[in-house]
Amino acid sequence: MGNMESVAILANAAPSGAYSGTNLELVLGIGLCILAGFGLVFGGLTMGRLVRPKQPHPEKAAAYECGEPAIGDSWVQFDLRFYTVALVFIVFDVELALLWPWAVVFKDMGGPAFWAFAVFFVLIAIPFLYEWKSGYLSWVRSSDAQERPSLLTPPSSTSSDSDSSIADGVSNVVADEKPAEVTT
Amino acid sequence: MALLGQTDLWAGIDVGEHLFLFSPMIVLVCTMLAVVACPIILGRGPRSIATVVWLGLGITLFMTFRVAGAVADGGVSGLSTQPGGMLIADNLSVGFQFLLLAFLAGVMLMWWMGSSATERNAPEFFILLLGSALGMVLMVSTTNLLMIVMAIELASLPSYAIVGFEKRNRVAAEASLKYMIFGAVCAAIMLYGASLLYGLVGSLDMAVIASYTIDNLSLGPNRVLLAVGLLCFLVGIAFKVSAVPFHFWCPDAFEGARIEVTTWLSVVSKGAGLLLLARLVTVFCAGGGADANPALSITFLTPLAWTIGIIAAVTCTVGNFAAYKQRSVKRMLAYSSIAHAGYMMMATAVFIHPSISGSTAGITALLTYVVIYLLMNLGAFGVTAMVVWDTGSDKIEAFTGLMRRSPWLAVPMVACLMSLVGMPPFAGFIGKWWILVALGRLQNTATSSGMFSLSTLGWLLMIVAVVNTFISLYYYLRIVVQMMFRDDGQRTVRTPIVGLAMVNGCAVALFALLIFAQPLKRTAERFTRNMYTASVEQDGKHKTLASAIQRGTP
């Protein structure tokens with residue numbers, strides 16, 4: 001109804017949109033859609049509550065884990081190390097996504113395209129080197145790995161201090177990874 | 001550069017000239033890259049990295065000076081094949097870059113005094129700081145819908161992170177999370193508004209959207225959708241300015257963040273938002289195109305002027321009343337900055353075209369107020385920072401008897417607070433006065449042109465501004481009383497000499513700006529002269545109405 005028409009306006013980018021109804025109709029349409037949305041959700045829930053048989057059982061109240069007994073709570077701390085995957089993904093996926101159209105036009109544009117991408121590549125490469133150097137890409141970052149002196153900076157307090165909080169975070173995560181008690 | 005100009009993508013654009021016009025931003029990006037490269041090459045020493053940043057800021061300042069010379073006679077838009085251009089280099093954007101660099105230097109000084117000794121993550125801190133600076137510069141340099149959204153996000157995202165920069169500090173983490181969630185919601189609403197506007201108008205150029213608005217806001221068949229789109233888009237700007245329904249992040253973020261970050265956010269972030277709003281207002285006021293009748297155009301924009309005016313009045317009042325019961329000086333200054341955002345937003349509600357009134361009073365008042373506000377806040381936050389560093393408390397009790405303990409801190413604090421109130425011996429007075437004059441001019445011009453709705457708005461805002469000034473007197477004076485007339489025998493505050501020089505310099509500058517008010521205003525007028533552009537030509541040069549503006553004096 002009104003909602004569909006407003007979508008049609010948005011799809012039609014010309015200033016003189018295809019929409020011809022009045023504003024009252026538009027507001028009514030949106031209002032009806034909102035009402036219908038509420039009605040569907042709450043009406044369904046209320047109907048179910050009235051109609052369904054009520055036979056409570058502890059097995060039913062448990063979380064459904066494909067038929068297996070649930071092991072612990074789902075509100076556990078996820079391993080912080082997955083951010084490494086996210087970092088690598090951002091660096092290389094953005095690069096790839098922008099390399100694709102560049103590769104398509106490269107044949108026509110030639111030299112300028114090469115230099116334009118060279119600039120972009122530097123923008124990506126320097127932060128990547130920074131991540132690598134700071135150790136954010138290594139999968140295992142135990143506390144004693146933080147103390148290991150790096151190749152380029154002297155083993156001063158600055159380099160170890162800088163990441164100690166992250167190291168603590170990792171050690172906490174490792175401590176959390178003890179096998180949880182199996183609840184039956 | 002000539003090589004790039006030969007290809008189709010860059011056809012019709014003098015790439016070399018345009019890259020030169022935006023070189024300050026390019027230098028900022030290069031500085032960020034250099035800071036990222038520092039841990040690879042130089043190590044993570046805070047002071048060495050700060051030196052790199054100082055160097056980058058110096059080069060940026062140099063390039064800004066050169067660009068200022070190039071755009072002095074009129075604005076240039078560029079870096080796009082579209083008529084409107086993606087970015088604009090003109091007097092306003094250059095003027096804001098000067099302000100931003102000056103303020104960045106002040107924030108860097110505060111960081112150097114307060115945090116550099118214990119800083120563990122200096123590269124990250126400066127990347128975030130410079131990233132938000134770049135976003136703010138872009139905010140003031142564009143009238144393109146997409147670019148505005150991107151610039152606001154670029155300014156916001158580093159701000160969220162930099163508020164929660166101290167990972168172990170729970171207050172900071174909470175503030176950062178609140179700021180981020182609030183910002184994400186506002187960005188979503190703004191994007192929705194932007195998509196509605198683009199869907200309706202079919203153009204990203206604000207000048208085209210403005211002319212569509214003038215044709216349709218009062219009479220057109222799509223006026224509800226258009227109004228919703230404009231309102232949603234305004235939400236994003238109101239969030240940056242911390243206008244009232246969107247101000248909840250502000251006190252928490254200001255309290256939780258480090259004080260130099262608070263100083264940074266309180267002035268430049270809001271200044272950028274306000275100048276963006278001012279630029280949009282000027283584009284809308286001139287939006288009817290070169291052949292349109294500006295008076296008629298503005299009549300159709302009256303609802304927009306009322307919206308901005310009401311938001312400004314409410315922001316001002318809520319900020320001042322909420323500041324009353326604060327015990328923390330940082331929080332009180334946060335609410336004070338909300339109130340001042342309200343005052344400055346009033347100046348953007350002055351919807352008059354210079355061809356009617358002969359002046360750019362609103363924008364000129366805004367620009368001078370931003371300059372003065374920068375000095376007042378840098379001084380007030382600087383003194384607060386030094387008290388906090390020494391006593392470890394930002395409660396008002398930490399200021400007890402400061403006049404005896406450290407007169408060199410107390411005197412500039414009194415100057416800055418009185419200037420924030422708008423008391424005569426300081427520049428805050430003249431800033432507020434010019435805003436009132438601009439509102440009076442709005443009222444006057446609107447009455448003589450028969451636009452009585454706008455005339456009422458002018459009266460209303462003038463009354464609200466004056467009443468609010470009286471309200472704000474109380475809570476600023478409370479600190480002054482605490483410093484001058486109470487004493488509990490605490491010891492002298494230990495202060496770095498650079499910090500003393502900075503805050504006293506701010507106080508002296510506030511005093512001097514009152515004496516040299518006319519040059520300040522003339523400069524601001526020169527900077528705002530080219531803003532009311534009737535239309536943007538295909539070759540990228542703005543048509544200006546400079547002759548109409550030079551005629552009168554506000």
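Miscellaneous remarks
- The residues on offer are B:L92, B:L134, B:L130, and the sole one that is away from chain A (no Cβ under 14 Å) and more than 17 Å from B:H18 (Cβ to Cβ) is B:L92.
- Residues that are more than 11 Å from chain A (Cβ to nearest Cβ) and buried (at least 19 other Cβ atoms within 10 Å of the Cβ) were ranked within segment B:190-203; the one that is nearest to A:L24 (Cα to Cα) is B:G193.
- Looking across segment B:409-435, the residues that are surrounded by fewer than 20 Cβ atoms within 10 Å (Cβ to Cβ) and either farther than 30 Å from B:T348 by Cβ or not aromatic (F, W, Y) (or both) come down to B:V411, B:M423, B:P424, B:P425.
- Selection within segment B:92-121 - touching a Ser or Thr at 6+ places or on another chain (Cβ under 7 Å) and not basic (K, R): B:L92, B:S93, B:V94, B:Q97, B:F98, B:L101, B:V107, B:M110, B:N121
- Candidate set: segment B:209-247, residues that are at the interface with chain A (Cβ under 9 Å from one of its Cβ atoms) and either part of a helix (DSSP H, G or I) or touching a residue at least 24 places away in the same chain (Cβ under 8 Å) (or both); chosen: the one surrounded by the most Cβ atoms within 10 Å (Cβ to Cβ): B:L225
- Residue check, B:A122 surrounded by fewer than 19 Cβ atoms within 10 Å (Cβ to Cβ), closer than 24 Å to B:R258 by Cα and within 13 Å of chain A (Cβ to nearest Cβ): no
- Members of segment A:91-110 found to be β-branched (V, I, T) and under 28 Å from the mean Cα position of the chain (by Cα), listed by number: A:V91, A:V94
One line per residue, one yes/no per condition, for (1) in contact with a helix residue (DSSP H, G or I) (Cβ under 9 Å, 6 or more places away or on another chain); (2) closer than 17 Å to B:I310 by Cβ; (3) of a type in the set (D, E, K, R); (4) modelled with pLDDT of 90 or more:
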site	(1), (2), (3), (4)
B:G422	yes, no, no, no
B:R441	yes, no, yes, no
B:N444	yes, no, no, no
B:T447	yes, no, no, no
B:G450	yes, no, no, no
B:S453	yes, yes, no, no
B:T456	yes, yes, no, no
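- Test: residue in segment B:442-464 that is outside any helix (DSSP H, G or I) and touching a Phe, Trp or Tyr at 6+ places or on another chain (Cβ under 8 Å): no
- Within segment B:401-436, the set of residues being β-branched (V, I, T) and under 19 Å from B:Y324 (Cβ atoms) comprises B:V421 only.
- Residue tally, condition under 24 Å from B:T528 (Cα atoms) and of a type in the set (G, A, S), over segment B:133-165: 5
- Failed criterion for A:V85 (all others in (1) under 29 Å from B:P123 (Cα atoms); (2) surrounded by 15 or more Cβ atoms within 10 Å (Cβ to Cβ); (3) modelled with pLDDT of 80 or more hold): (2)
The values are calculated or read from the model by the stated rules, or taken from the named source; none is laboratory data. What you are looking at is a predicted structure, and each value in this text was computed from that prediction instead of being measured. Positions of Cβ are generated from backbone atoms using ideal geometry, with glycine treated the same way; all protein chains shown enter the neighbour counts.
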